[in-house]
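Only one structure is covered here, and it is reproduced in the block below.
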Amino acid sequence: MKLRLVPARQGALWVRHGFTVFFQRPLAYSVLFLAFLLFGLFALLLPIVGAVVVLAAMPLVSLGFMLATQRALQGRTPWPAVFIEPLKVDRRRGLALLRMGLAYAIATFAIMTLSDLVDGGKLEALQDAIGRGAEDSAAIGSLLGDPQLQIGLLLRVSLASLLSLPFWHAPALVYWGDQGVVKALFFSSVACWRNLAAFSVYGLAWGGVILLFGALANLLAALTQQPQIVALATVPAGLLISTVFYASLYFSFADCFAPDTAADSTPD
């Protein structure tokens, strides 16, 4: 695969293309995301092991959605089988994807453990207080203003963002580029860094989408004098935005990498 540089505005186009391809196959993408959620729910029923399985599956999930978008652009309907197809191409690439998933799970647990040590368990305490609701409103307010919690949250976001760089394109580079795990992680990091402006715009565009939804939901709640509308709309809107986000991943990869026609090993 050959690295390509793209202009900053391309990041906004990735978001727009994600919405476009989703609305071309809304039912298919909804089924894909539902299958992903059900897998996660059933896996988490297993103590400790379930969380590892879910995290290890994330690189394969992102690749599955890339395959789904490629199929949709070809006029074909993507099915949940896209999540396991990469494992069946050949043994070498399948094992590489499994090793990548395990590396992602280990790195994520390391970030979570370090962040928990830094915030002294304040995030877990905040989650417990939120779960108890209005009766713990004072505790929630106190925890939100705690500098230790804020530092822990900042560390989580920063490290998670850094972790996303090597794993952003890596599954696709293994599958379509026939690269090894280390090489794929390296070139994914290089591609994200070299196209940092486009990825920054991409992140800002998604932030704008979320803010727009919040503004529209609050405006509708104010006009109808039904504040519960915001809470009712949050879950479906969150599912929609998450699904479209995954649908848009393929466009970021396709723009940042071009196939090497001299050694094209791209599976169909």
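Remarks
- Taken over the stretch 191-229, the criterion of being at pLDDT below 85 and surrounded by 15 or more Cβ atoms within 10 Å (Cβ to Cβ) is satisfied by ALA217, ALA221, ILE229.
- A single entry from PHE257, PHE199, PHE187, PHE251 fulfils the requirement of being aromatic (Phe, Trp, Tyr), closer than 16 Å to LEU5 by Cα and touching a Cys at 6+ places or on another chain (Cβ under 9 Å): PHE199.
- Hey, ALA96 at pLDDT 95 or above and either in contact with an Asp or Glu (Cβ under 8 Å, 6 or more places away or on another chain) or surrounded by 12 or more Cβ atoms within 10 Å (Cβ to Cβ) (or both) or not: yes
- Which listed residue, of ALA68, ALA72, is more than 22 Å from ASP178 (Cβ to Cβ), surrounded by 16 or more Cβ atoms within 10 Å (Cβ to Cβ) and modelled with pLDDT of 95 or more: ALA72
- Of the helices (runs of 4 or more DSSP H) lying entirely inside the stretch 142-252, those containing at least 2 residues that are among the hydroxyl-bearing types (Ser, Thr, Tyr) and in contact (Cβ under 8 Å) with a residue 60 or more places away in the chain are 196-224.
The values are calculated or read from the model by the stated rules, or taken from the named source; none is laboratory data. Here the structure is a predicted model, which is why all the values come from computation and not from measurement. No Cβ is skipped: glycine too gets one built from the backbone with ideal geometry, and neighbour counts run over all protein chains shown.
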